[in-house]
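A.B. asks: I have a structure I would like to understand better, so I am pasting it below and will then ask my questions one at a time.
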């Protein structure tokens, strides 16, 4: 049953700032890619990569699922298909601005280089633009910490190159991957280089407990433009010198990307009500509701807004404000931000009409 609040969440224009390419697919798209890949790799036909409602796995298991997905999406066709379909799926959910993040991969057996990987994504974006799809899309090439420092350096150089080749499509980079691998502070030189190259930083920080030292060092040396998850930013043992983490995040007003269903299903929060969104919302801190991986975690952005409203007793006006303010946290140009704000203003009255 579609409640009035969920319908409102479906109707309002939205911004999606934390969507990973390889986990944001629809079931239909992934099944198509699975069937295609099974013709040459029969072992993939029984892959199950979704977490149903009520299912919860550790963050470690979630990363295992991502590896399974990479085995299926390993050539130009699959990367194009993923990107193209994901854009259409988000557009169908009234997402008007989308940033897709993905690690550019060198996959010789699939005929892909890191550069052609990103070029393929942009090709799909341009095709959607040619169809006049009502959504603005950008790419954030990802530094996967698990792939090491050498690949991180390559990724930053490539991000700059692609940003110059396709102006307006690559406004920043993402830092993600399994937080149990390497020390995030080792990547600071590459964050600094990206900044020097004019790229914004969206960094996964404090996704798990007991990595406060790397978070503090990154915040002090290479301030991110947005923080992904930030689950444990405010959860540290007092007296160990990590209070400065909160001071920096609050003082600099660094926007936080919150992914409620993802955090619940990967067991980094006990419930929607216990999610750290509530802590930061009470402080009126900049934050945006996101999906993370709508395919793996089975959540539309509209669902995430509705879950947030229910868990924290937000009304329609507060949800609208949450969506509207997210425009300021995008990595696009000021001109495009104004364009988005004008679109929101035109749509507001119709969204607040009570629908039977």
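The values are calculated or read from the model by the stated rules, or taken from the named source; none is laboratory data. Keep in mind that this is a model prediction, so the values were computed, not measured. So basically every Cβ, Gly included, is an ideal-geometry build from the backbone, and we count neighbours across all protein chains shown.
A.B. asks: Check whether at least one residue in segment 115-126 is over 24 Å from residue 342 (Cα atoms), part of a helix (DSSP H, G or I) and free of Cβ contacts under 8 Å to residues at least 24 places away in the same chain, and report yes or no. Spell out the reasoning first.
C.D. replies: Within segment 115-126, the first condition is being over 24 Å from residue 342 (Cα atoms), and the residues that meet it are 115-124.
Imposing the further condition that a residue be part of a helix (DSSP H, G or I) reduces the set to 115-124.
Next cut, free of Cβ contacts under 8 Å to residues at least 24 places away in the same chain only: none.
No, because not a single residue in segment 115-126 is over 24 Å from residue 342 (Cα atoms), part of a helix (DSSP H, G or I) and free of Cβ contacts under 8 Å to residues at least 24 places away in the same chain.
A.B. asks: Would you confirm, using the coordinates I've provided, whether residue 220 is more than 17 Å from the chain's Cα centre (by Cα) and modelled with pLDDT of 95 or more?
C.D. replies: On the way: more than 17 Å from the chain's Cα centre (by Cα): yes; modelled with pLDDT of 95 or more: yes.
Judged against the criteria, residue 220 is a match.
A.B. asks: Restricting the search to segment 125-153, which residues are within 23 Å of residue 11 (Cα to Cα) and in contact with a strand residue (DSSP E or B) (Cβ under 9 Å, 6 or more places away or on another chain)?
C.D. replies: Kept after step one, since they are within 23 Å of residue 11 (Cα to Cα), are these residues of segment 125-153: 128-129, 131-138.
Within segment 125-153, 128, 129, 134, 135, 136, 137, 138 meet the criteria.
A.B. asks: So, one more: Within the set of pairs 6 or more residues apart or between chains, which connect a residue that is on the phi > 0 side of the Ramachandran plot and free of Cβ contacts under 8 Å to residues at least 12 places away in the same chain inside segment 326-347 to a residue that is assigned to a helix (DSSP H, G or I) and surrounded by fewer than 16 Cβ atoms within 10 Å (Cβ to Cβ) with Cβ atoms less than 7 Å apart?
C.D. replies: No pair meets every condition.
A.B. asks: Can I ask one more? Mind listing whichever residues of segment 90-114 are closer than 30 Å to residue 344 by Cα and in contact with a strand residue (DSSP E or B) (Cβ under 9 Å, 6 or more places away or on another chain)? So that I can check it myself, show each step before the final result.
C.D. replies: Of all residues in segment 90-114, those closer than 30 Å to residue 344 by Cα come to 90-102.
Selection gives 90, 91, 93, 94, 95, 96, 97, 98, 99, 100, 101, 102.
A.B. asks: Then there is this: Looking only at segment 166-178, how many residues end up being in contact (Cβ under 8 Å) with a residue 24 or more places away in the chain, farther than 13 Å from residue 143 by Cβ and surrounded by fewer than 21 Cβ atoms within 10 Å (Cβ to Cβ)? Before you say what the answer is, go through the steps one by one.
C.D. replies: Taking segment 166-178 first, the residues in contact (Cβ under 8 Å) with a residue 24 or more places away in the chain are 166, 168-178.
Restricting the remaining residues to those that are farther than 13 Å from residue 143 by Cβ gives 166, 168-171.
Now narrow it down to the ones that are surrounded by fewer than 21 Cβ atoms within 10 Å (Cβ to Cβ): 166, 168-169.
Selection size over segment 166-178: 3.
A.B. asks: Is it true that some residue in segment 149-157 is part of a loop (DSSP other than H, G, I, E, B) and buried (at least 23 other Cβ atoms within 10 Å of the Cβ)?
C.D. replies: Within segment 149-157, the first condition is being part of a loop (DSSP other than H, G, I, E, B), and the residues that meet it are none.
No: segment 149-157 contains no residue that is part of a loop (DSSP other than H, G, I, E, B) and buried (at least 23 other Cβ atoms within 10 Å of the Cβ).
A.B. asks: Is there a residue being within 30 Å of residue 82 (Cβ to Cβ), assigned to a loop (DSSP other than H, G, I, E, B) and modelled with pLDDT of 95 or more anywhere in segment 302-312?
C.D. replies: no
A.B. asks: Return yes when residue 25 is at pLDDT 85 or above, closer than 29 Å to residue 228 by Cα and part of a loop (DSSP other than H, G, I, E, B) and no when it is not. I'd like the intermediate steps shown before the answer.
C.D. replies: Working: at pLDDT 85 or above: yes; closer than 29 Å to residue 228 by Cα: yes; part of a loop (DSSP other than H, G, I, E, B): yes.
When the stated conditions are applied, residue 25 passes them.
A.B. asks: Can I ask one more? Which of the residues that make up segment 262-282 are modelled with pLDDT of 95 or more, in contact with a helix residue (DSSP H, G or I) (Cβ under 6 Å, 6 or more places away or on another chain) and either buried (at least 20 other Cβ atoms within 10 Å of the Cβ) or assigned to a loop (DSSP other than H, G, I, E, B) (or both)?
C.D. replies: Residues satisfying the conditions are 272, 273, 275.
A.B. asks: For residue 220, state whether it is at negative phi and either touching a residue at least 12 places away in the same chain (Cβ under 8 Å) or touching a helix residue (DSSP H, G or I) at 6+ places or on another chain (Cβ under 7 Å) (or both). Break it down into steps so the answer makes sense when it comes.
C.D. replies: Values: at negative phi: yes; either touching a residue at least 12 places away in the same chain (Cβ under 8 Å) or touching a helix residue (DSSP H, G or I) at 6+ places or on another chain (Cβ under 7 Å) (or both): yes.
Against the criterion (at negative phi and either touching a residue at least 12 places away in the same chain (Cβ under 8 Å) or touching a helix residue (DSSP H, G or I) at 6+ places or on another chain (Cβ under 7 Å) (or both)), residue 220 qualifies.
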